[in-house]
1. Once label points are set 7 Å from the Cα along Cα→Cβ at both GLN225 and MET201, what is their separation, rounded to one decimal in nm?
2. Lys and Arg at +1, Asp and Glu at -1: add these up for the other residues within a Cβ distance under 14 Å of HIS186 and post the number.
3. Structure shown: which of LYS181/LYS212; LYS114/LYS167; LYS82/LYS167 lie over 31 Å apart, alpha-carbon to alpha-carbon?
4. As a test of understanding, state the convex hull volume per residue of region 134-213 from its alpha carbons, in Å³.
5. Once you list every other residue whose beta carbon is under 15 Å from the beta carbon of PRO141, what net charge do they have if Lys and Arg are +1 and Asp and Glu are -1?
6. Please find the FRET efficiency linking ALA285 to LEU30, where r is the Cβ-Cβ separation and R0 is fixed at 41 Å, and quote it to the nearest 0.05.
7. Suppose we look only past 17 Å in the calculated P(r) of region 192-253. What percent of the Cα-Cα pairs does that tail hold?
8. Just add up the charged neighbours of SER95: K/R +1, D/E -1, any other residue whose Cβ is under 13 Å from the Cβ of SER95.
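Read-outs throughout are calculated quantities, based only on the coordinates presented, and are distinct from any laboratory measurement. Values in this document were obtained by computation on a predicted structure and should not be read as measured data. Every residue, glycine as well, gets a Cβ built from its backbone with ideal geometry; the counts of neighbours run over all protein chains shown.
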Amino acid sequence: MKWKFRIEQWFAITFKGGSVVPKIFPLASLCGGFGGVVSLLYVLGWPLSLPILSKVLPSVVLGMLLVFRTNTANERHWEGRKHWGTIVNTVRNLSRQIWIAVEEEGGTRLANQKQRESKIAALRLLVAFAIATKLHLRQQPVTAELQPLLSPIQYEALQAAPHPPLKLAFWLEDYLQEQYKLGKIHIYQLTYADALVDQLMDAVGGCERILKTPIPPAYATYLRQLILLYCLLLPFGLVAHLRLWTGVVVLLICLILFGIEAVGVEIEDPFGQDVNDLPLDSICATIQQNIADLILSPPGHTLTELTQNEPGAEQYL
């Protein structure tokens, strides 16, 4: 039963969406068709068997270039994921710091309520920061997705901002400085929170470096030219052995070579909306859910305080 489950899972992953085959199949079919024409002419008596042509471009050299291309793209994809992991963890740490460290006591009930509302507004700025970063990396303008998280004035100002994540970081810093001046947090708490905001902006900068530093076009173009040359010369080296099967074999080899190169193209820019890009919508939804759960938990309730209202809970201490 377990083995059957693994087989079904393997086939589910194998035929899952995101394959590059549909994109490269027309070009691979063209090369395979060329191989079929060469094989047909050879069978009809044309002297097209030239094995030396298959050695003009060594397959080892081409393979090394393809591996380097794919590894470079994978490093960009993984680095982007690490930066977004930093954003998620930093948002969690900063939201916890704001929710717990910023004091609400010491004033009237109305003042405490306003303090709570300002904290919630600050936490929503963190969610807005993640969403604004996603839109910024996708080179999209500020959308209505951010509107429920901001005040009307903030939303209008963010629409006009040239760099929305930076604007939101400025508002977060402004909130922290205001709480320090009001005596709601200590200087060391302010310093720690400022460092977390710096980490958020460092992660945005790392993502921007990936986005604005594409793989040099000369390298990508040259690699494609070499692959195409190799695939066009391949039938002449195989036709004497494969005859009418030459086109089919060339098609399969072209699917492999063009597929490896296409995978590199798919993952080199990880911030888009394709199935092979990073799931930024899901990551932002996770951040939003984390903040919503935090808001629902009253600040200042320690485990000891909770056990006072739950008989028998001392066993968990």
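1. 4.4
2. Numbers: positive: LYS181, LYS184; negative: GLU103, ASP194.
With Lys, Arg at +1 and Asp, Glu at -1, the neighbours total 0.
3. Details: LYS181/LYS212 39 Å; LYS114/LYS167 23 Å; LYS82/LYS167 23 Å.
Exceeds cut-off: LYS181/LYS212.
4. Values: hull volume 7.5 nm³, N = 80.
Considering the Cα atoms of region 134-213, their hull volume per residue is 94 Å³.
5. On the way: positive: LYS134, ARG138, LYS167; negative: GLU145, GLU156.
Net charge in that neighbourhood comes out at +1.
6. Working: r = 42 Å, r/R0 = 1.02.
Approximately 0.45, to the nearest 0.05.
7. Working: 1209 of 1891 pairs.
In whole percent, the share of Cα-Cα pairs in region 192-253 beyond 17 Å is 64.
8. Working: positive: ARG92, ARG96, LYS119, ARG124; negative: ASP293.
Once all neighbours under 13 Å are counted, the net charge is +3.
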